[in-house]
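Working notes, beginning with the structure itself.
The values are calculated or read from the model by the stated rules, or taken from the named source; none is laboratory data. What you see is a predicted model; the values in this text were computed from it and never measured. Using ideal geometry, Cβ is built from the backbone for each residue, glycine included, and neighbour counts are taken over all protein chains shown. In case anyone asks, the SASA skips ligands and DNA or RNA and just uses the protein heavy atoms, side chains included. Shrake-Rupley method; radii C 1.70, N 1.55, O 1.52, S 1.80 Å.
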Amino acid sequence: MGSKQVNSAIAIACAWFMGPSVSAQDSDFTVAQLDSIYSRLEERVLLIEEAEVRATFRDAARPSMVPSKLIEAKKLDQIPAASRIEALSALPGVNMVSNGGGTMRPVIRGLSGMRVATLFNGARIESQAWGEYHGIYLPEEGVRAVEVIRGPATLAFGSDAYGGVLNFIPNAPLTEQGRESRLSLSGFSATSGWQLTGATEKRSKTTFHAFRGGYKEHADYQLPSGEQVSNSAYQQFFGQGTFGYIRPWGVIEGAYSSAYNSAGLIGHDGWQQSGDHLMTTSVRWNWKNWDFMPRFSYQLNHRKEFEAARGTVSNEDSTSVEELVLDISLRTLRFDVTAHREVLGAWTSTLGLQGFSTDSRFDLDGDVVLVHEPLIPNSGANEVGVFTVWSREHSDAGVQFSGRLDRRLTFTAVALDGLNPEESRVDYLGAVSAGAHWKLAPQVVMRMHATHSERVPGLSELYSNGVHHCAFRFEQGNALLQKERSFNVETRLEWKHTWGNIEASVYQNTINDYVQIAPTGSTAEGWEVYAWEATDALFRGVEIAGNFAAPHWKHVHMDYAFSAVDARNYLDVLLPLIPPATMRTVLGWKEGQWGPLHGTFAQAVWNHNRDASLLHLAAGGKLNEVLSLNVSVQNLLNTEFIPTLSMLRNLGIPEPGRNVRIQLAWTF
């Protein structure tokens, strides 16, 4: 970090402890203050090799007993993967459920769906509200880093996020006044696909803004045998903008994001279309020792599934209404207000107030007609909650306590078995957490925590009653499902040395009334019936990660990760869609120079589990000051396999074969 950044950091630290009378003297200091904030974020991002993020006074509402995992977008692009969301599976304990057509959803320590919260620009993304076959939306531009949060810290992100949190951190404003633009072009061999993204950002003394957009197109993907998977092609268009105003008393920020996705329904002749739209705004200011940040967001998710192939009409009369097998929209309004205080030698505290109102419905606009009854009847939920986090550091140890209380109201407009639509369901949710850490030796730290959380079943789990076309089944919800109750304990050891570090965690998560979907053995409308049900479950797991880089071999590094989770119900039967034990080894070269290339990297990745043993390669660097090139090869040996977490497993459809990705980026 340069001296200018260090001086800015010292200035803001002094202003923080001396109070607002100093930090509000003039707008020039506020600009320096903002520079310091983002300089500190830069410092956090650069810690990815240790994969540890420490809480700071600008990192409100974040318990610090269990460091989160953070990986910079630049590093995501260097991982051999078809997308940034897929690249996250390089982290121990993180996996992806795939459904073809670029559809993926994260699994953290065996938990997925609505138990895992996704944040973009600080607002929660609700793309998975309708079922396990729907993935999450992530734009390829505007993301600076991705943070994976587990343990007690999840209490600050919602009552139902006890599985973990994926926090997509947006780009910070430029560090200097002026404009910067970027174009990126990528090609993919397995799908004959291409992707083009662009961005332009500007920073002045008191404002900053950015505009970004992109388009990707992939044809049917190719198997190792050379055959193509019919109807697996997909396209995506996205656009987003961000803005901010710097004032003597604080900063106002906002963002808008919109994306449209079209993909074939693998195993069908039909196709699907989805739209994700998000608006969010926040304000930050401080008063005395407190840092305040209210945030408001609105999101619209719209999904359609068509029975007829793309480019055809479902009726002989092309003027008739459009026939769909699914047409559903979800509108969510959220608010989040936090107040955070840090004082040296005293308790660090965070107070928060959160709430949302969500509404899921089929829009009867007269232009479309459903082939089947709606999968989920018109329904919704309202929730309000409060949380608090307290922590204190002392010498070589520290403690942390968290608590949360929520009230959720869930309702539907349709009469279901055991449910009167005129009566809303009311649930009270409580969550508590306690943790501590000790420095056992100069290089060894032990961390322990225990967390109790509760989750209300989602709208699809409670009220589904129709054909889920892309899942090949009829789904039945259960309005009488009870709330899930999770009790998680974890112990973690960290060892650090000048040539590397090793981290090891063991955990156990006992979940009462764990909600899952299972076949009933019956049929409805010619489809196999699956019903949402509850069981008691036990998750046990271990994670080991290490990276090694000898000081006298500064360019060479080796990374190792192992994760395993065993999840069973009360009858000792394995639960479905649990990732297999996985070992990942990386041997790499970093920050080197080869001919005209500088900042070069190269890595060979071996990923092994019971599904397959795969070899991946990646290399790249800067061609000059404005051009960079990344090349990666997934599945170098062209191995044919079907992952345990593939939703296409029942159809016997393997993953793509060898995929060469070339990415060229131009910054100007």
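Answer yes or no as to whether ARG144 is touching a residue at least 24 places away in the same chain (Cβ under 8 Å) and closer than 25 Å to PHE238 by Cα.
Yes.
Mind checking which residues of the range 159-205 are modelled with pLDDT under 95, β-branched (Val, Ile, Thr) and over 24 Å from the mean Cα position of the chain (by Cα)?
THR175
Does the range 547-570 hold any residues that are in contact (Cβ under 8 Å) with a residue 12 or more places away in the chain and farther than 30 Å from SER112 by Cα, and which are they?
PHE548, ALA549, ALA550, PRO551, LYS554, HIS555, VAL556, HIS557
Return the residues of the range 223-243 that are in contact with a strand residue (DSSP E or B) (Cβ under 6 Å, 6 or more places away or on another chain) and surrounded by fewer than 19 Cβ atoms within 10 Å (Cβ to Cβ); say none if nothing qualifies.
If the condition is that a residue be in contact with a strand residue (DSSP E or B) (Cβ under 6 Å, 6 or more places away or on another chain) and surrounded by fewer than 19 Cβ atoms within 10 Å (Cβ to Cβ), then GLN228, GLN235, PHE237, GLY239, GLY241, PHE243 are the ones that fit.
For the range 93-103, check the following and say yes or no: at least one residue is open to solvent by 20 Å² or more (accessible area, probe 1.4 Å), closer than 25 Å to HIS608 by Cα and at pLDDT 85 or above.
yes
Based on this model, can you work out whether SER112 counts as surrounded by 21 or more Cβ atoms within 10 Å (Cβ to Cβ), more than 20 Å from ASP336 (Cβ to Cβ) and modelled with pLDDT under 90? It would help to see each step written out before you state the result.
Numbers: surrounded by 21 or more Cβ atoms within 10 Å (Cβ to Cβ): yes; more than 20 Å from ASP336 (Cβ to Cβ): yes; modelled with pLDDT under 90: yes.
Here the answer is yes, as SER112 does meet what is asked.
Looking at SER646, SER632, which is the one that is within 24 Å of the chain's Cα centre (by Cα), among the polar types (S, T, N, Q) and at pLDDT below 95?
SER646
Would you check if there is a residue in the range 309-323 being open to solvent by less than 50 Å² (accessible area, probe 1.4 Å), small (Gly, Ala, Ser) and modelled with pLDDT of 90 or more?
The answer is no; no qualifying residue exists.
Looking at the range 640-668, I want the residues that are in contact (Cβ under 8 Å) with a residue 60 or more places away in the chain and crowded, with 16+ Cβ neighbours inside 10 Å and have a partner that is among the aromatic types (Phe, Trp, Tyr) and assigned to a loop (DSSP other than H, G, I, E, B) with Cβ atoms under 8 Å, at least 6 apart or on another chain. Which pairs are those?
So the pair list comes out as MET647/TYR133; PRO654/PHE641; GLU655/PHE641; PRO656/TYR221.
Which of the following residues is among the hydrophobic types (A, V, I, L, M, F, W, C) and open to solvent by 40 Å² or more (accessible area, probe 1.4 Å): LEU587, LEU575?
LEU587
GLY250 versus (1) at positive phi; (2) modelled with pLDDT under 90: which is the lone unmet condition?
Going through the list (1) at positive phi; (2) modelled with pLDDT under 90, GLY250 breaks only (2).
Taking only the range 192-214 into account, find how many residues are open to solvent by less than 20 Å² (accessible area, probe 1.4 Å) and farther than 20 Å from THR667 by Cβ.
Final tally of qualifying residues: 1.
Going through the range 437-471 one residue at a time, which ones are of a type in the set (Gly, Ala, Ser) and either touching a strand residue (DSSP E or B) at 6+ places or on another chain (Cβ under 7 Å) or within 20 Å of SER379 (Cβ to Cβ) (or both)? If you could, list the steps in order and put the result at the bottom.
Residues of the range 437-471 that are of a type in the set (Gly, Ala, Ser), as a first pass: 441, 450, 453, 458, 460, 464, 466, 471.
Within the range 437-471, ALA450, SER453, GLY458, SER460, SER464, GLY466, ALA471 meet the criteria.
Starting from the range 524-537, take each residue that is closer than 20 Å to TYR514 by Cβ and list its partners that are open to solvent by 50 Å² or more (accessible area, probe 1.4 Å), counting only C-beta distances under 6 angstrom and pairs at least six apart or across chains.
TYR530/PRO519; ALA531/GLN476; ALA531/THR520; TRP532/ASN478; ASP536/ASN512; ASP536/TYR570
Could you please find all residues in the range 241-269 being out of contact with any Leu (no Cβ under 7 Å at 6 or more places or on another chain), touching a residue at least 40 places away in the same chain (Cβ under 8 Å) and among the hydrophobic types (A, V, I, L, M, F, W, C)?
The answer is TRP249, ALA255, ALA259, ALA263, LEU265.
From the list ALA504, ALA518, ALA531, ALA545, pick out the single residue that is within 28 Å of VAL467 (Cα to Cα) and surrounded by 14 or more Cβ atoms within 10 Å (Cβ to Cβ).
The conditions single out ALA531.
Filter the range 277-307 down to residues that are modelled with pLDDT of 90 or more and among the charged types (D, E, K, R) and give me whichever is least open to solvent (accessible area, probe 1.4 Å).
ASP291
Kindly indicate whether any position in the range 45-52 is modelled with pLDDT of 50 or more, of a type in the set (Gly, Ala, Ser) and in a loop (DSSP other than H, G, I, E, B).
No, the range 45-52 contains no residue that is modelled with pLDDT of 50 or more, of a type in the set (Gly, Ala, Ser) and in a loop (DSSP other than H, G, I, E, B).
HIS598 fails exactly one of the following numbered conditions: (1) over 29 Å from ALA549 (Cβ atoms); (2) at pLDDT below 95. What is the number of that condition?
The number of the failed condition is (1).
Being under 28 Å from the mean Cα position of the chain (by Cα) and among the acidic types (Asp, Glu): is that true of ASP536 here?
Against the criterion (under 28 Å from the mean Cα position of the chain (by Cα) and among the acidic types (Asp, Glu)), ASP536 qualifies.
List the number of the failed condition for ALA604; all other conditions in (1) open to solvent by less than 30 Å² (accessible area, probe 1.4 Å); (2) in contact with a Leu (Cβ under 8 Å, 6 or more places away or on another chain); (3) small (Gly, Ala, Ser) hold.
Unmet for ALA604, out of (1) open to solvent by less than 30 Å² (accessible area, probe 1.4 Å); (2) in contact with a Leu (Cβ under 8 Å, 6 or more places away or on another chain); (3) small (Gly, Ala, Ser): (1).
May I ask you to verify whether TYR514 is of a type in the set (Ser, Thr, Tyr) and under 24 Å from the mean Cα position of the chain (by Cα)? Quick ask: steps written out before the conclusion?
Values: of a type in the set (Ser, Thr, Tyr): yes; under 24 Å from the mean Cα position of the chain (by Cα): yes.
In short, yes.
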